[in-house]
Amino acid sequence: MSEKVKLYVAASFAALGVLAYFLVPLRFGAYVPSIALILGLLLALLFFAWSEGAPALVQFFRESYVELRKVVWPSRPELLRSTAVILGLIIVIALFLWLVDLALLAVVRFALGGA
């Protein structure tokens with residue numbers, strides 16, 4: 001089977017599972033939509049695992065995890081200080097834009113002959 005066909009079938013099963021979850025009426029039971037979703041996603045996962053893209057995706061996640069381990073995370077005081085600076089800048093920019101908006105409103109009102 002072609003690789004594109006495998007991926008299309010996998011995507012179709014995933015979409016069918018999601019559609020079944022939302023379209024299956026609850027009169028069949030409370031668990032039927034959930035079972036349909038899980039079954040559709042499992043079939044999609046099986047078809048994707050059968051394709052050639054699966055090993056590449058697993059390798060990508062392994063390399064991403066290795067790179068994530070190299071990240072130097074900020075300490076709590078650094079995080080709080082950075083958050084305070086960002087919030088301060090947001091307030092300053094919001095005030096500036098509010099003043100510009102008021103000025104432009106006054107210019108437009110004057111140009112249109114308003115008060």
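Here are the numbers:
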| quantity | calculated |
| --- | --- |
| Whichever residue in the stretch 54-81 is among the small types (Gly, Ala, Ser) and out of contact with any helix residue (DSSP H, G or I) (no Cβ under 8 Å at 6 or more places or on another chain) and, among such residues, is nearest to ALA10 (Cα to Cα) | ALA56 |
| Lone qualifier among VAL72, VAL58, VAL92 - being under 23 Å from the mean Cα position of the chain (by Cα) and not small (Gly, Ala, Ser) | VAL58 |
| Residue match in the stretch 44-60 (condition: outside any helix (DSSP H, G or I) and in the same structural domain as SER12 (by TED's automatic domain parsing)) | yes |
| Residues satisfying the stated conditions in the stretch 71-114, i.e. in a helix (DSSP H, G or I) and not aliphatic (A, V, I, L, M) | ARG76, PRO77, GLU78, ARG81, SER82, THR83, GLY88, PHE96, TRP98, ASP101, ARG109, PHE110 |
| Residues satisfying the stated conditions in the stretch 2-47, i.e. modelled with pLDDT under 85 and within 23 Å of the chain's Cα centre (by Cα) | LEU7 |
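The values are calculated or read from the model by the stated rules, or taken from the named source; none is laboratory data. Since the model is a prediction, treat every value here as computed from it, not as a measurement. Quick reminder, even Gly has a Cβ in these numbers, built from the backbone with ideal geometry, and neighbours come from all protein chains shown.
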